[in-house]
Amino acid sequence: MLTALRSRVRAARDLPLLRPLVARADRLWWARVIRRAGVVDLAYVRAQVGRPLSEAAAVRRYVNGGFRDGLRLSPLFVDTAVGDHLPEAWRVPALYAYLVADPRGLQVSPLWDAVAYGTAHPEAWEAPGGPLGHAWRHRETHSLPLGPRSEPAAASWPDLSRVIVEAARRARVGGEVGPAPSAEPVDRELIVAIGPEEWDFDESFAEAVAFSDVPGQGVAIAVLDDRAEDWTLASLWAAGRPRVRISRRRHDDASLALDELVASSRAEIIIVRGPNQTLTAADATRLADRVEKSAAGTVLGPVWRDGDGTIAAVGATADGRFLAGHPIEDLAALAPATDLEVPALAGSTFAARRAEVTVALRGPDAAARLEGRAVVALDVETRTRSRAEPAHLPPHLTGGGDLLLRAGWERLAQGPLPRVRRPQRQVELPDGTHVPALRWALRTAAPVGPRAEGWGDTHFARALADALRRLGQEVVIDSYAARTRPTRHLDDVTVALRGPEPLEASPTGVSLLWVISHPDQVGPDDVAGFHEVFAASAPWAEATGRELGVPITPLLQCTDATRFHPAGRPRGHDILFVGTARGILRPSVVEPIRAGIPVTVIGPDWRGWIPAERIAATGVGNDELPALYETAGVVLNDHWPAMQERGFIGNRLFDVVAAGGRAVSDRVEGIEELFGGAVRTWEGVPDLLDLLTADLDAAFPSAPDLDAVSARIRADHSFDARARTLLDAALRRR
């Protein structure tokens, strides 16, 4: 009933006459929910706005748009920390979204672990406001929770309150604060500058908090932006944990701020994290460990990746930043080594003995100025969140030729930079055919970093890459941001895996286009320049090929037969769905649950759409999927409307059947013939409910017949089969 009501409200928002009334009603409801939770720190809000106001006025200001402008109601709640994990948390205030959601599994701040707090205080799960409300109401007796275990802060609540109010006031009126010595001696110190471009500041804080939680390790943070939240978090953390130092500078010179923190550090080992970069607590610890075990005079840096996921630098040589612009897969030739000695480091993230840092840290390649033996840890990475600045290396660097050879490249006398190529070689395929080992680039629409793990395109590209490598080919994978990387000329073949965003043909080598989704967005410009075009739908390939005047070859989606195959696991009775909510009411999931059918859902953004008890987990590792599919009574599936209408069969069905599972899906042309009864289809909701309430064993073929279908899918519709088709096409076009 509640879900149906939400649907009607969402529909009303699309009607121009009702939209203002619905928006006003929304804000009134948001304010009511927040006030009833009792989590507002009024003194904190007053310090942010600079004038007295009531709690009701503070909440109104927040829900009327203040949440988008950086206004915060609680020092224990960071909007960006929870926004990515709740439906509509960017349309509605994140605090409201949290308060109406099931709090289990949700984090609300980088400074404390709400899940650990709820585990330690089970009554908090059902308390108003969940762990957030429970912790806030116990601040007078327990202070505020801090750290990965959410233990009480070292300072009392009255002391913390004064710090919070002064920090918010300082952020509003301005003024600088210099770094003080650590209140507790530390052996290692992570030094970080947080500037205005660092929109993932909560991630940076979380990693620094985890680093400082280890005995003997501390953190020094310089805040260089005007966000009140950043300085408040830093001040609260420093007041509650004695191994934390902070400074506030109004300038945007991160190098100067880092220099100041390095000069005032008293730690034996320092780890400097460059501005607007990612560095996990675990990787910072590994860098420190490696320096401690190295000879005196050693400075250690990570592999530096650019914002598009390509390599920004693996140290520096006379040629410049080593391997700049290359895909990350180009490190494979340096394996199994984990340390690479280079003429100099690059970037500004490094670890060293503090006493050996005797130069000022200036510019985007501050680490290149360090003296001593420079080593890159090949198994540690940092990534610039935006774009790496142009190189500014010291003059007269030497070396580089031997490193190129070690990385598997040979120099060329002419051509675009970098003037290198892979040595040419032949490989023998399983059928005895000899073919050249080509360099392939798989281009996707996936983002960079952890968010890419939630994209099917990411896993599709990895499986195809593995299959091509089994054919002796060299393969790299490009995120959408890297689609025009400056080293494209090194690729022999480009395969554009067309999803929700357009991908252009490469200006060099052979370009193949494989349309695997979102066919409604493909027009004449999208197929221009490609040597061959493939599509994961036979009917669409034929119709669109005629329409565009371009031959389009059907090439259906497929499965990774090395992973998805029966293992003899017993079949259970679960009705299983794995996937995201997509921000819509997916009928294949919502309608059975409404009808009382016990669907088990695994996915990240279902809160607010279905009852919390139906969500078994917010995610699952890819390696666990084969067992889930094989043992489920049936796996539910549906398609994007555009794919369904145009005959694009999603790869989940291939995976389920290859694993020995059974599926129920909305109807797409060709499913019945392709899967031979292992997938049952439905035309409407009544049909779906009838299928799921009937005897499932009677609805599907016998076990031997299912085994035969599974074997056929693995043989004919595997990534290995698709890789051979693409290889043959590339060889024809070369």
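The values are calculated or read from the model by the stated rules, or taken from the named source; none is laboratory data. From a predicted model like this one, the values you see are computed outputs, not experimental measurements. Glycine also receives a Cβ, built like all others from the backbone with ideal geometry; neighbour counts cover every protein chain displayed.
For the range 132-182, enumerate the residues that are without any contact (Cβ under 8 Å) to a residue 24 or more places away in the chain and over 25 Å from Gly70 (Cα atoms).
Listed by number, the residues that qualify are His138, Glu140, Thr141, His142, Glu151, Pro152, Ser156.
Is at least one residue of the range 706-723 assigned to a loop (DSSP other than H, G, I, E, B), touching a residue at least 60 places away in the same chain (Cβ under 8 Å) and out of contact with any Pro (no Cβ under 8 Å at 6 or more places or on another chain)?
yes
Please work out if Leu378 is of a type in the set (A, V, I, L, M), out of contact with any Lys or Arg (no Cβ under 7 Å at 6 or more places or on another chain) and closer than 27 Å to Arg488 by Cα.
Criteria met by Leu378.
In the range 642-670, which residues are surrounded by fewer than 21 Cβ atoms within 10 Å (Cβ to Cβ), in contact with a helix residue (DSSP H, G or I) (Cβ under 9 Å, 6 or more places away or on another chain) and closer than 21 Å to Trp514 by Cβ?
Answer for the range 642-670, where residues must be surrounded by fewer than 21 Cβ atoms within 10 Å (Cβ to Cβ), in contact with a helix residue (DSSP H, G or I) (Cβ under 9 Å, 6 or more places away or on another chain) and closer than 21 Å to Trp514 by Cβ: Ala642, Glu645, Glu669, Gly670.
All but one of (1) closer than 30 Å to Glu613 by Cβ; (2) assigned to a helix (DSSP H, G or I) hold for Ala567; state the number of the condition that does not hold.
Condition not satisfied by Ala567: (2).
If we scan the range 434-453, do we find a residue that is outside any loop (DSSP other than H, G, I, E, B), out of contact with any helix residue (DSSP H, G or I) (no Cβ under 7 Å at 6 or more places or on another chain) and within 15 Å of Asp728 (Cβ to Cβ)?
yes
In the range 413-427, is there at least one residue being in contact with a Ser or Thr (Cβ under 8 Å, 6 or more places away or on another chain), under 27 Å from Ile516 (Cα atoms) and outside any helix (DSSP H, G or I)?
The answer is no, given that none of the residues of the range 413-427 is in contact with a Ser or Thr (Cβ under 8 Å, 6 or more places away or on another chain), under 27 Å from Ile516 (Cα atoms) and outside any helix (DSSP H, G or I).
Could you check the range 228-338 for helices (runs of 4 or more DSSP H) lying wholly inside it with 3 or more residues that are over 29 Å from Leu160 (Cα atoms)?
In the range 228-338, 281-293 are the helices (runs of 4 or more DSSP H) which contain 3 or more residues that are over 29 Å from Leu160 (Cα atoms).
Return the residues of the range 137-162 that are of a type outside the set (Gly, Ala, Ser) and farther than 20 Å from Ala206 by Cα; say none if nothing qualifies.
Arg137, His138, Arg139, Glu140, Thr141, His142, Trp157, Pro158, Asp159, Arg162
Pick from the range 74-94 the residues that are modelled with pLDDT of 90 or more and in contact with an Asp or Glu (Cβ under 7 Å, 6 or more places away or on another chain): which of them is surrounded by the most Cβ atoms within 10 Å (Cβ to Cβ)?
Within the range 74-94, the match that is surrounded by the most Cβ atoms within 10 Å (Cβ to Cβ) is Pro75.
Considering each of Gly509, Gly499 in turn, give the residue that is over 30 Å from the mean Cα position of the chain (by Cα) and crowded, with 17+ Cβ neighbours inside 10 Å.
Gly509
For the list (1) in a helix (DSSP H, G or I); (2) under 20 Å from Leu99 (Cβ atoms); (3) among the aliphatic types (A, V, I, L, M); (4) modelled with pLDDT of 90 or more, I need the number of the one condition that Ala43 fails.
Just one mismatch for Ala43, condition (2).
Condition first: in a loop (DSSP other than H, G, I, E, B) and modelled with pLDDT of 95 or more. Now tell me which residues in the range 649-666 satisfy that.
Scanning the range 649-666 gives Ile649, Ala659, Gly660, Gly661, Arg662.
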